1. Can you work out the FRET efficiency for the pair Gln227 and Ala117, with r the C-beta to C-beta distance and R0 = 41 Å, to the nearest 0.05?
2. What's the angle, to the nearest 10 degrees (0 to 90), between helix 168-185's Cα axis and the longest principal axis of the chain?
3. Computed FRET efficiency, Cβ-Cβ of Glu3 and Trp134, R0 30 Å: what is it to the nearest 0.05?
4. Taking Cα pairs under 8 Å and at least six residues apart, what relative contact order does the chain come out at, in percent?
5. Take the chain, connect every pair of alpha-carbon atoms lying under 10 Å apart with a spring to form a Gaussian network, then pick out the residue of Leu87, Leu63, Leu202 with the largest mean-square fluctuation.
6. At Lys105 and Glu82, where each label point lies 7 Å from the Cα along Cα→Cβ, what is the point-to-point distance in nanometres?
7. Given H placed on each backbone N at 1.01 Å, which residues far from Val36 in sequence or on other chains put an amide H within less than 5 Å of it?
8. Got a sec to turn the phi values of the stretch 22-34 into Karplus ³J(HN,Hα) couplings, 6.51 cos²θ - 1.76 cosθ + 1.60 with θ = phi - 60°, whole Hz, x for Gly and Pro?
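We did not get these values from a lab; they are worked out from the coordinates using the rules stated. As the structure is a prediction and not an experimental result, all values here were calculated from the model. Note that each Cβ is placed from the backbone with ideal geometry, even for glycine, and that neighbours are counted across all protein chains shown.
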Amino acid sequence: MLEVKGLRKVYEGSGRQVEALRDLTFTLDAGELVCVVGPSGCGKTTLLKCVAGLLRPTAGQVLLDDAPVTGPRSGLAVVFQEYGRSLFPWMRVVENVELPLRQRKSIPRAERGKRVADALEAVGLGDVGRAYPWELSGGMQQRVAIARALACEPEVLLMDEPFAAVDAQTRADLEDLVRGLWRERGMTVLFVTHDIDEAVYLGERVLVLSASPTVVRDEVVVELPLQRDQLATRADERFVGLRSRVLELIRGGTRDAGQVDESPG
Ligand SMILES: Nc1ncnc2c1ncn2[C@@H]1O[C@H](COP(=O)(O)OP(=O)(O)OP(=O)(O)O)[C@@H](O)[C@H]1O
């Protein structure tokens, strides 16, 4: 349902060219949760922006249900790492979550209210709708950003290192939240991270990117049970084996070219 074909992105400006993505091709089936992992600076954010229609690729294309993605569209929602910059501090939580729905005139006001309430409930924030973002912890603010994406009822949820800026315990809770939402709602999720453990814990499949100039080095199918647990899953020998496999793939060509988080989670 989501196809990335021969995607290439070269940034031009300030008298130099940066080839952020060389040639990326992969597909996601409907309802899959796929993680993309790669070294720092390999173009993960660039990839996600191209998939979201926020950035025009130099070559290649992105197709959603066979239709080219040429700009932001309703079937795709994005959650970025910097929740502090993606929420408006002068708007209450409910208003932040409702914002993208307001741009869709076809959704009646009552339906908007229902979707916002459902989305906040789904992320465990049913009782903070009247608060302002700055009154909430970082983890809660990121939940608000996730609720805003859910309220759009996207076919594909795109997440760009969404938990990189929160503490370890909050991160674990948010990872479980994402897996729970994915299982309940049957969404397709593309989750970008530089953290190998996070990619293996969350994903059903992990796409491993090379260092720049970036291609898909390989993919690893995560054969772990659907029901995951932060302690038991991470201690499972299958998890340890998958983690080593991904690390090996990344190290295969990036010893001097970039950094990934190899610390056990
Ligand atoms: N607007 C831009 N103009 C020029 N070069 C850019 C621009 N945005 C990104 N780049 C370059 O493209 C490359 C890929 O950047 P990108 O942010 O996509 O990588 P990333 O894998 O998400 O990085 P990180 O893991 O550090 O977040 C880098 O070399 C970066 O300097």
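1. My answer for the efficiency is 0.90.
2. Result, in degrees: 80.
3. Computed FRET efficiency for Glu3 and Trp134: 0.15.
4. Values: 505 pairs, mean separation 69.3, N = 265.
26 percent.
5. Leu63
6. So the two model labels end up 3.3 nm from each other.
7. Phe191, Val192, Thr193, Leu207
8. 8, 6, 10, 9, 6, 10, 10, 7, 4, x, 7, 10, 10
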